[in-house]
1. Which of the residues that make up region 97-114 are hydroxyl-bearing (Ser, Thr, Tyr) and not in a helix (DSSP H, G or I)?
2. If a residue has to be out of contact with any Gly (no Cβ under 9 Å at 6 or more places or on another chain) and either in a loop (DSSP other than H, G, I, E, B) or not polar (S, T, N, Q) (or both) to count, how many in region 222-234 make the cut?
3. Evaluate the following for ALA84: is it assigned by TED's automatic domain parsing to the domain that holds PHE163, farther than 23 Å from VAL170 by Cβ and among the aliphatic types (A, V, I, L, M)?
4. Quick one: is ALA174 surrounded by 16 or more Cβ atoms within 10 Å (Cβ to Cβ) and touching a helix residue (DSSP H, G or I) at 6+ places or on another chain (Cβ under 7 Å)?
5. Only one of these conditions is not met by LYS64: (1) free of Cβ contacts under 8 Å to residues at least 40 places away in the same chain; (2) touching a helix residue (DSSP H, G or I) at 6+ places or on another chain (Cβ under 6 Å). Which number is it?
6. Does region 19-71 hold any residues that are small (Gly, Ala, Ser) and in contact with a strand residue (DSSP E or B) (Cβ under 6 Å, 6 or more places away or on another chain), and which are they?
7. Which one of TYR183, TYR150 is in a helix (DSSP H, G or I), free of Cβ contacts under 8 Å to residues at least 40 places away in the same chain and surrounded by 16 or more Cβ atoms within 10 Å (Cβ to Cβ)?
8. If I filter region 201-211 for residues that are polar (S, T, N, Q), in contact with a helix residue (DSSP H, G or I) (Cβ under 8 Å, 6 or more places away or on another chain), at pLDDT 95 or above and within 30 Å of LEU116 (Cβ to Cβ), do I get at least one hit?
Amino acid sequence: MPLSGVKILDLTTVLMGPYATQLLGDFGADVTKVEAAGGDSVRGIGPGRNDGMGAAFLAVNRNKRSISIDLKHESGRQLLLDLARTADVLVYNLRPHVMEKLGLTYEVFEAINPKLLYVGVYGYGRHGRYAKRPAYDDLIQAMTAIPSLYGQSTGSDPRYVPFPVVDRFVGLYAAMTIASALYERTRSGRGQRIDVPMFETMASVVLGDHIGGHAFVPPIGPPGYARQLSRSRRPYPTRDGYLAILPYNDEQCRRFFRSVDKLELFENDPRFADIGARTRNIDALYDIVADILTTRTTDEWLDVMAEADIPATPLYGLSDVFEDPHLREVGFFREQEHPTEGRVLSMRVPSEWSRTPPQHDRPAPRMGADFQGILTELGLSPERIEALTSAGVVKAGK
């Protein structure tokens, strides 16, 4: 696989960091999850068959081994340093000043392994005034205007996106950053310190669409993308349900209006003549589409749109996603037998490779389940391993 042979020490918890390292594990990296004595807090979230193995944990921790080390203990910190001597990447989501208090700075790791990539994924960049603040997905959503945009576009109170969009975006960006840094290292032969802050990363995502008139200096208009903020941008009611439809470019709009016997609106109304005009008059366009779609059933409209090659789909609920026939046909859902949790379901890596396909053969581990193998690979004797577990430096897995 693409990242076979890459060794990653994963000190992260909750979602963002574990998602990033799971992605790397899916592509072949050997990921060792280093957990505190109490384990990753996300282990207790969501339904589960056994304590510490909730659905939220299973979703972002496959293709990893687990060892539990007390990093507040000097012997625990030394053990982490020993593991880092042969690692390629260390990923953490403690704030930098916390890592400093533990004596686990980049300089310490660089001294023992100059090729190590020391990657921090946390709330705010280390050189700004917010550097020491704690951060979670909801806070970063709030600081990047996502709830405000939701309220503006719906005419309702501000609301968070109902899934951890920040953790997912930043985790994906962190994985891409690590893969890029590994490639750079093949040329330089050197490691480096890398920071992936949540606030800056998500600000770049949101403002990438909503920079608006602030793309120019001085600004020539307010920020915001009118089409995305339109209160009329929504799944449209049909006679018996809802339809999502987007005739976006000029040709699609022409075909749409022709298919509903309203071609004159496209050909004669300057508000809809091209994509720029439609964007300026997006509410009027959406309202016309909404009125038209109430006249037929969802299935009838799907047939019309398919004939005209217009992007359209019925509105799904979560249960519908699991039953989608396309996802079933492409083998999107994977069932595995977990050593302790029974039969479990996960989603495969969505990209498809012709020669070196990603895999996820190792289900998420129980806390500390792999400590014996990890410490044996490190060269520790059975007696030394027993001493570490007896002292509470390493917590024996179940």
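The values are calculated or read from the model by the stated rules, or taken from the named source; none is laboratory data. Fair warning: this is a prediction, and the values are worked out from it, not measured in the lab. Cβ coordinates were reconstructed from backbone atoms using ideal geometry, including for glycine residues, and neighbour counts include every protein chain displayed.
1. If the condition is that a residue be hydroxyl-bearing (Ser, Thr, Tyr) and not in a helix (DSSP H, G or I), then THR105 is the only one that fits.
2. Residues meeting the conditions: 6.
3. Yes.
4. Yes; evaluated as a whole, the condition is true for this residue.
5. (1)
6. Listed by number, the residues that qualify are GLY25, ALA29, ALA37, SER66, SER68.
7. Among TYR183, TYR150, only TYR150 is in a helix (DSSP H, G or I), free of Cβ contacts under 8 Å to residues at least 40 places away in the same chain and surrounded by 16 or more Cβ atoms within 10 Å (Cβ to Cβ).
8. For region 201-211, residues polar (S, T, N, Q), in contact with a helix residue (DSSP H, G or I) (Cβ under 8 Å, 6 or more places away or on another chain), at pLDDT 95 or above and within 30 Å of LEU116 (Cβ to Cβ): present.
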